[in-house]
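Chemist: What follows is a single structure, and I will ask about it in a moment.
The values are calculated or read from the model by the stated rules, or taken from the named source; none is laboratory data. Since the model is a prediction, treat every value here as computed from it, not as a measurement. Methodologically, a virtual Cβ is constructed for each residue, glycine included, from the backbone with ideal geometry; neighbour enumeration extends over all protein chains shown. Protein only, heavy atoms only, side chains kept; ligands, DNA and RNA dropped before computing areas. Shrake-Rupley method; radii C 1.70, N 1.55, O 1.52, S 1.80 Å.
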Amino acid sequence: MSVWRHSVGLVGLVGWLLFSNVTTLPASLEKGEESGILPTAETLLTNLPDGAYQFCTEPDPQDWRDGAGVCLNFVKQGTTVNGYYGYPHSDSFVCLQGKVAEDCLYGKGLVISWAGRIWLEIPQVEFNWDKEGRLYLSQGSLAHSEEMGEGQISWIVFQQANLNMQGLYPYPSPRMTSPTQLCDWRFNWQGDL
């Protein structure tokens, strides 16, 4: 019986440690926390008020870094999400526009290719963009290209972007660069969401 009590106590301690960091979530989600059900990214997005947010594959490092792992920095307006998914402190990111269904973000993606990062062939078939295996892109096309000094910048649009958001950690507030500063959607494509 003492092994059972020890296991129950250990589970309770782990649960307390996991939920003690969730106090930064909006008050509207507190009922879910009290019931012991950890909200999914989809539940969080569905219930979040309009605003700016950041979710990452690793918990908030609570240090000088803008995020840990790979992060989704986004603005939610109604049922639409606009933002980008990428690695903090790098130029490796994909701009995303879409809607949430279950634990996934479905929509369109935009990759900005700077000089030295030229795509020899733009993929049409689905491929995995990140090493974590969360973002898949397909149906790419060149939306715009322009000369910049000695190089070229290209805007590549992917008509299909699917991001698996299951298990992402919500951060208290966005710390990465705003999506409006990184994602230039002025060279829009065929149709809206």
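Chemist: Quick one: is GLU102 of a type outside the set (Val, Ile, Thr), more than 23 Å from MET148 (Cα to Cα) and modelled with pLDDT under 95?
Modeler: In short, yes.
Chemist: Could you go through region 109-123 and let me know if any residue there is part of a loop (DSSP other than H, G, I, E, B), farther than 20 Å from GLY51 by Cα and of a type in the set (Val, Ile, Thr).
Modeler: Looking through region 109-123, at least one residue is part of a loop (DSSP other than H, G, I, E, B), farther than 20 Å from GLY51 by Cα and of a type in the set (Val, Ile, Thr).
Chemist: Still on this structure, I have one more. Identify, from the list GLY191, GLY140, the residue that is more than 18 Å from the chain's Cα centre (by Cα) and at pLDDT 90 or above.
Modeler: Values: GLY191 fails: at pLDDT 90 or above.
Exactly one of GLY191, GLY140 is more than 18 Å from the chain's Cα centre (by Cα) and at pLDDT 90 or above, namely GLY140.
Chemist: Does PRO172 satisfy being touching a helix residue (DSSP H, G or I) at 6+ places or on another chain (Cβ under 7 Å), under 19 Å from TYR53 (Cα atoms) and not hydrophobic (A, V, I, L, M, F, W, C)?
Modeler: yes
Chemist: Got a sec? Which of PHE158, PHE93 is touching a strand residue (DSSP E or B) at 6+ places or on another chain (Cβ under 6 Å), among the hydrophobic types (A, V, I, L, M, F, W, C) and over 26 Å from PRO61 (Cα atoms)? Full working, then the answer.
Modeler: On the way: PHE93 fails: over 26 Å from PRO61 (Cα atoms).
Exactly one of PHE158, PHE93 is touching a strand residue (DSSP E or B) at 6+ places or on another chain (Cβ under 6 Å), among the hydrophobic types (A, V, I, L, M, F, W, C) and over 26 Å from PRO61 (Cα atoms), namely PHE158.
Chemist: Could you tell me which numbered condition GLN160 fails, if it satisfies all but one of (1) open to solvent by less than 40 Å² (accessible area, probe 1.4 Å); (2) modelled with pLDDT of 90 or more?
Modeler: (1)
Chemist: Filtering region 105-131 down to residues that are more than 22 Å from ARG175 (Cβ to Cβ) and among the acidic types (Asp, Glu), which residue is most open to solvent (accessible area, probe 1.4 Å)?
Modeler: The qualifying residue most open to solvent (accessible area, probe 1.4 Å) is GLU121.
Chemist: Select from region 46-70 the residues that are closer than 18 Å to ARG134 by Cα and not polar (S, T, N, Q) and list them in ascending order.
Modeler: PHE55, CYS56, GLU58, PRO59, GLY67, ALA68, GLY69, VAL70
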